[in-house]
Structure formats: C-alpha cells, structure tokens
Amino acid sequence: MEPENRTAVSEFLLLGLSEKPEHQIFLFGLFLPMYLVIIFGNLLIILAIITDSHLHTPMYFFLCNLSLIDIFFSSTTVPKMLVNLWTQSKAIPFAGCLAQMYAFHLFGTMDSFLLAMMAIDRFIAIVHPLRYLAIMSPRVCGLLVVGSWLITNLQSIVHTSLMAQLTFCAGSEIPHFFCDLMPLLKLSCSDTHTSELVIFAFGIIMGISPLTCILLSYICIFWAVFKIPSAQGKWKAFSTCGSHLTVVTLFYGTIFAVYLQPASPTSSQKDKAAALMCGVVIPMFNPFIYSLRNKNMKTALRKLFGKAATSQS
C-alpha cells in the first residue's frame, strides 16, 4: 500500500544542465544566441515562402510547416531554461510542468511526421513526376498536416491526462532542463504501470510510423534514380532530396545514437544531449541547411531582403 503520510507537491525543481553556479552564465550566453537564431532563421524561411509565389508548392508548404514547428518546439523548453539560468531559480509549477510535457511531445512528434510527409513528397516528385501535382494537391497536403496534428494531439493529451492522475511526493527534483515523461514517472509514488505501457505503445506507433514512411520513400527514390541513364539526371534527382536527407540523418541519427545504447549511469546526461540536439541544435541548423543548399530559397531570401531594404530607404 502507498504510505498515507506523504506530502503532495505543487511544483517541481528542474536541476538543468549543470548544478554548478559558475556554469550558469556560460550556458545562458551559449543558448540565448542559439534560440535567437532558431526564431529569426525559421521566421525568414516562413516569410520567404509566403511572399514568393514560386514557392507555393507542396515541398515548400511542408517546409514552412516544419519551420513553424521548429519555432514552437524550441520555445517549449529554451525560454524556461534561460529564465532559470538567469534567475538561478529552478521551480516550475505542476500545471506548467504538464503543459511543457504536452507541448514537447506534440511538437517533437509533429517534427517527425513532417519529415515523413516531405519524404513522401520527394518520392512522388521523383517516381511519379507527371502525376505529382494531381496527387499532391493542396487538399491532400492540407489533410496530411491536419491529420498529423490530430494524431499528435491525441498522443500528448493521453500522456498528459495519465500524468495528471498520478500523485507526486516530496523530493520533487527533476534531473533535466525540462519536464519529460520518464523523469516525472520516476518521481511518482503512484502505480505507473499503465502510464509506462501507454508510453511504450505510443512510442512504438508514433516512432516507427514516420520512420517507416521515410525509409520506404527513399528506397523507392534510390531505385528510381539508379534507373536514370545519365549521371546528370541522377544528380538532378538526388539534389532535390539533399537538404531533407541531411535533416533526417541528424534527427534520427541523434535518436539512434542515444536510445539504442544500453542503460548506464550516464543515461540522464544522454537524454539531455538528445533533447538539446532535437529541440535546439537541429532547429537552429534547419534554416541554413534548407537555404544554403536550395537555389529557390536563396532567390526568395534575396527578394525578401531586397524588399526590406527598399522599404527602409
């Protein structure tokens, strides 16, 4: 039986990336510029796509959504982390903790779903080019995004609802820089068996589904490209996938590198590293990857900067 003299907690303490006071200012100075790059870099991508009619295609529609999700994803954890570093305060209320957990899993899963949609888009563009516009119509693209929002929201609502029903006892230190599922479960003095089963089930379904779409799409893409007789034709086909493949490799490479290793005393540090890579580093790199490797994006950004310069003169 659970002890009856336990004290329920109304807030948690986020221990952050380091408990050493001398590291706080350094970490603040490191992550503030990174966060600003994420916000302004992804906003530029969104504005360039919206303002340039040449980019009103399925590929850039998904990229625009990915940039928006990257802004939301990083904003779920980084601002709170920066406030805690600056004020030396580690507290986060119970409701705020649940909200942060909900948003992190919502936007993190949406990231993987959008990467899957972009892979499907490239597959159809390369394997079925003549039917591309008919298959990837605005209605189909909209339904894919809306459907993904509904599915990922369902996952986050279920996780948050189950977590809200648990009881948390005194000694509520979370060894992380944000509220995540597993660290919270370890603090609970309720029976967490149901929550753990649900987390495992959703993890399998929501993790494998996008990855399977990506792998199958690229298998079909590689098979189709290898059938192209000319080297120039192969390069042209592959070049349209370069940016997306780079982001997919970074995203899933980080997950595999961390979570496919056996549990160890440094597992919590690996979890922090994975969260930083997926929630901060990759969203920061995405605008550079998609703008530096894409001629259409470069042109759109030049037009955007040109309009801004003209309006100021």
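The values are calculated or read from the model by the stated rules, or taken from the named source; none is laboratory data. What you see is a predicted model, and the numbers here were worked out from it, not measured in a lab. Neighbour counts are summed over all protein chains in view; Cβ atoms, including those assigned to glycine, are modelled from backbone coordinates with ideal geometry. Note: accessible area is taken over every heavy atom of the protein model, side chains too, but ligands, DNA and RNA are not part of it. Shrake-Rupley method; radii C 1.70, N 1.55, O 1.52, S 1.80 Å.
Remark: the stretch 1-144 projects, on average over all directions, an area of 13.5 nm² (convex hull of Cα atoms).
Using the Cβ-Cβ distance between Lys295 and Thr167 with R0 set to 51 Å, the FRET efficiency from 1/(1 + (r/R0)^6) comes to roughly 0.35.
Between Ser209 and Val83, the simple label model (points 7 Å from Cα in the Cβ direction) yields a spacing of 3.3 nm. Taken over the chain, the convex hull of the Cα atoms encloses 161 Å³ per residue. Pairs over the 29 Å Cα-Cα cut-off, from the set Lys90/Lys186; Lys236/Lys270; Lys236/Lys303; Lys20/Lys186; Lys272/Lys307; Lys234/Lys272: Lys236/Lys270; Lys272/Lys307; Lys234/Lys272. Of the accessible area of the stretch 176-313, computed with a 1.4 Å probe over protein heavy atoms only, carbon and sulfur atoms account for 70 percent. Treating r as the C-beta distance of Phe305 and Trp149 and R0 as 35 Å, the FRET efficiency rounds to 0.65. Dipole of the chain (Lys/Arg Cβ +1, Asp/Glu Cβ -1, origin at the Cα centre): which of Leu292, Thr77, Met34 lies farthest to the positive side? Most positive-ward Cα: Leu292.
Note on Glu19 and Val127: with the Förster distance fixed at 51 Å, the Cβ-Cβ geometry gives a FRET efficiency of about 0.45. Between Glu196 and Leu36, the modelled label-to-label distance comes to 4.5 nm, taking each label 7 Å out from Cα in the direction of the beta carbon. Per residue, the solvent-accessible area of the chain (1.4 Å probe, heavy atoms of protein chains only, all protein chains present) comes to 52 Å².
Screening the chain for whole DSSP H helices with an alpha carbon extent of at least 20 angstrom along the helix axis and a mean Kyte-Doolittle hydropathy of at least 0.0 yields 21-51, 58-87, 94-127, 138-164, 193-226, 242-259. List the chymotrypsin sites (Phe, Trp or Tyr not before Pro) in the stretch 74-149 that DSSP assigns to loop (not H, G, I, E or B) and whose Cβ has at most 15 other Cβ atoms within 10 Å. Which are they? For chymotrypsin sites (Phe, Trp or Tyr not before Pro) across the stretch 74-149 that sit outside H, G, I, E and B with at most 15 neighbouring Cβ atoms in 10 Å, the list is empty. Computed from point charges on the beta carbon alone (+1 for Lys and Arg, -1 for Asp and Glu), the dipole magnitude for the chain about its Cα centre is near 1600 Debye. Using the alpha-carbon positions of the stretch 82-181, Rg (one decimal) and Dmax (whole number) come out as 19.4, 63 Å.
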